[in-house]
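**Q** This is the structure, below, for whatever I ask next.
The values are calculated or read from the model by the stated rules, or taken from the named source; none is laboratory data. On a predicted model such as this, the values are computed, not experimentally measured, just so you know. No Cβ is skipped: glycine too gets one built from the backbone with ideal geometry, and neighbour counts run over all protein chains shown. Please note that ligands, DNA and RNA were not included when accessible areas were found on the heavy atoms of the full protein model with its side chains. Shrake-Rupley method; radii C 1.70, N 1.55, O 1.52, S 1.80 Å.
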Number of protein chains: 2
Amino acid sequence: MKLSQGVEWGLHCVVLLAQDPDGAPVSRRTLAQQFALPETYLAKHLQALVRSGVLQATSGPKGGFRLARPPEEITALDVLEAIEGSASPFVCQEIRQRGTGGVPPEECRLPCTVSSVMAAAHEAWRASLRGVTVAEIRERLPKNVRERDVRATAPG
Amino acid sequence: MKLSQGVEWGLHCVVLLAQDPDGAPVSRRTLAQQFALPETYLAKHLQALVRSGVLQATSGPKGGFRLARPPEEITALDVLEAIEGSASPFVCQEIRQRGTGGVPPEECRLPCTVSSVMAAAHEAWRASLRGVTVAEIRERLPKNVRERDVRATAPG
DNA sequence: CGTATCGAGGACATCCAATGTCCACGATAC
DNA sequence: GTATCGTGGACATTGGATGTCCTCGATACG
């Protein structure tokens, strides 16, 4: 089980954008340079965040990305599922229906017990992430990091 | 994020073995036929369960696998981490230290906030799985499945 | 002791998603 | 009009998951 590293990129970028929610849009180039990330690949994840309604994009010169909602209304789960998708990491293959111990389909209308246990764990995981907002993450950063100006060090 | 299907195989096999904890060992062939799984590949996962102390293996004719502990003392987490490993799905790449916004290493002795949030979610997930034992899963199976004899339909 | 049946473990092939790059296109500020 | 931006598709690369095969040691049975 492995999470895409795009999740880390997305979370850090969204938190960074939360440091100046109403400022000018920040370009993907600036965001990529901020963390030394490959720009075009980061762009893929930023696109996913736009499609999910977490970020808002602006075209043209002076364009870029900003938060689509106040950081208090964006949860870590929003960012994660925008990038990773919301599918459960456990996919039940219904092996109970196969082989010499096969259970007939008419007895398999409900998910099997194993599947239910895994689903409950996934929901606990989601609940944990849903309980943390981007605003809270920002508040928990060290003071000097929290108050950094995103655009200050962007070279020409 | 995706779990290995070996987790599903392992859970079903362990639950099956829990239906007759003190019976004769069940061979990997019988287990594979029970769910129509590829035998040699299933063997890899069974080996992992042995290495983690969940199963106990016996060599020679009449050999096979049985539970290493009573099913009340085996949790879903034990089985899952035997097969998937116990590493967190989120691996912090410390991107906060890189790029134009780089934080100096001496300020990074503690894990970053993003990493902490992800770690808490992972722990919530583990706690959920740790709260369910193999014995409980077995109890929640339909009666006719729960009482099936593992070896009954094994052909020669 | 000899043989057949079992698990352990390594070498190897295959497949697919994650990662990363590049280009054509439309939008927009100046 | 042009340069800068995001969008989206095509493409190459890579590593892990999946799956097979072979050798080895252990053991039950005669």
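**Q** B:Ala87 to B:Arg140: FRET efficiency via 1/(1 + (r/R0)^6), r the Cβ-Cβ distance, R0 30 Å, to the nearest 0.05? If you can, show how the numbers build up before the last one.
**A** On the way: r = 29 Å, r/R0 = 0.97.
Here the calculated transfer efficiency is 0.55.
**Q** Right, something else. Please give the per residue accessible area of chain B, computed with a probe of 1.4 Å over protein heavy atoms only, in Å². Present the calculation step by step, with values, prior to reporting the outcome.
**A** Details: 7380 Å² over 156 residues.
Averaged over the residues of chain B, the accessible area is 47 Å².
**Q** Two decimals, Cα atoms only, Kirkwood Rh: what is Rg/Rh over the protein assembly as shown? Intermediate values should be presented prior to the final figure.
**A** Numbers: Rg = 24.1 Å, Rh = 21.9 Å.
Looking at the protein assembly as shown, the ratio lands at 1.10.
**Q** Under a point spin-label approximation (7 Å from Cα along Cα-to-Cβ), what is the B:Tyr41-B:Ser116 distance to one decimal in nm?
**A** That separation, rounded to one decimal, is 4.2 nm.
**Q** Please build a GNM for chain A, connecting alpha carbons under 10 Å apart, and tell me which residue among A:Gln47, A:Gln56, A:Gln93 fluctuates the most.
**A** A:Gln93
**Q** Moving on. If you place +1 on the Cβ of every Lys and Arg, -1 on the Cβ of every Asp and Glu, and leave all else neutral, what size is the dipole of the protein assembly as shown about its Cα centre, to the nearest 20 Debye?
**A** Roughly 600 debye, rounded to the nearest 20.
**Q** Continuing with this model, one more query. Specify the residue with the greatest mean-square fluctuation among B:Pro89, B:Pro111, B:Pro25, computed from a Gaussian network of chain B linking alpha-carbon atoms under 10 Å apart.
**A** Result: B:Pro111 has the largest fluctuation of those listed.
**Q** Inside 10 Å of the C-beta atoms of B:90-100, what's the mean count of C-beta atoms belonging to other chains?
**A** 6
**Q** To continue, here is another question. Taking every residue in B:105-118, how many Cβ atoms of other protein chains lie within 10 Å of its Cβ, on average?
**A** Shielding by partners across B:105-118 averages 5.
**Q** What is the local net charge at A:Arg148, summed over the other residues whose Cβ is closer than 13 Å to its Cβ (Lys, Arg +1; Asp, Glu -1)?
**A** Details: positive: A:Arg138, A:Lys143, A:Arg146, A:Arg151, B:Arg96; negative: A:Asp20, A:Glu147, A:Asp149, B:Glu107.
Residues close to A:Arg148 contribute a combined charge of +1.
**Q** Counting C-alpha atoms alone, how compact is chain A: give Rg to one decimal and Dmax as a whole number, in angstrom.
**A** For chain A, the Cα-based Rg and Dmax read 20.1, 68 Å.
**Q** Ok, one more. Based on alpha-carbon centroids, what's the gap between segment A:4-79 and segment A:80-156 in Å, whole number please?
**A** 20
**Q** Taking the convex hull of the alpha carbon atoms in segment A:9-91, what volume per residue do you get, in Å³?
**A** Numbers: hull volume 7.8 nm³, N = 83.
Each residue corresponds to 93 Å³ of Cα convex hull volume.
**Q** Any idea which of A:Ala119, A:Pro38, A:Cys108 is furthest toward the positive side of the dipole for segment A:6-146, if Lys and Arg beta-carbons carry +1 and Asp and Glu beta-carbons -1?
**A** Value computed over the given set: A:Pro38.
**Q** Report, as a whole number in µm² per second, the diffusion coefficient that Stokes-Einstein gives for segment A:103-156 at 25 °C and 0.890 mPa s using the Kirkwood radius over alpha carbon pairs. Don't jump to the answer; show the numbers that get you there.
**A** Values: Rh = 15.6 Å.
It diffuses with D of about 157 µm²/s by this estimate.
**Q** Got the B:Arg151 label distances to the other copies yet, label 7 Å along Cα→Cβ, in nm, shortest first?
**A** Listed shortest first, these distances are 7.6 nm.
**Q** What does the structure give for B:4-14 when I average, per residue, the other chain Cβ atoms found within 10 Å of the residue Cβ? Before the final figure, lay out each step's value.
**A** On the way: counts 3, 5, 0, 6, 11, 2, 1, 8, 7, 1, 1.
Averaged over the peptide's residues, the number is 4.
**Q** Would you calculate the separation in nanometres between label points at A:Arg109 and B:Gln19, each defined as 7 Å from the Cα along the Cα-to-beta-carbon direction?
**A** The two pseudo-label positions are separated by 2.3 nm.
**Q** Choose one answer from B:Val50, B:Val15, B:Val145: the residue with the largest mean-square fluctuation in a GNM of chain B with alpha-carbon springs under 10 Å.
**A** Among B:Val50, B:Val15, B:Val145, the largest GNM mean-square fluctuation belongs to B:Val145.
**Q** Return the calculated 222 nm mean residue ellipticity for chain B, to the nearest 500 deg cm²/dmol, obtained by summing -39500 (n - 2.57) across DSSP H runs with n ≥ 4 and dividing by the residue count. Can you show the working numbers first?
**A** Working: 7 runs with 70 residues, N = 156.
The helix-only estimate for chain B comes to -13000 deg cm²/dmol at 222 nm.
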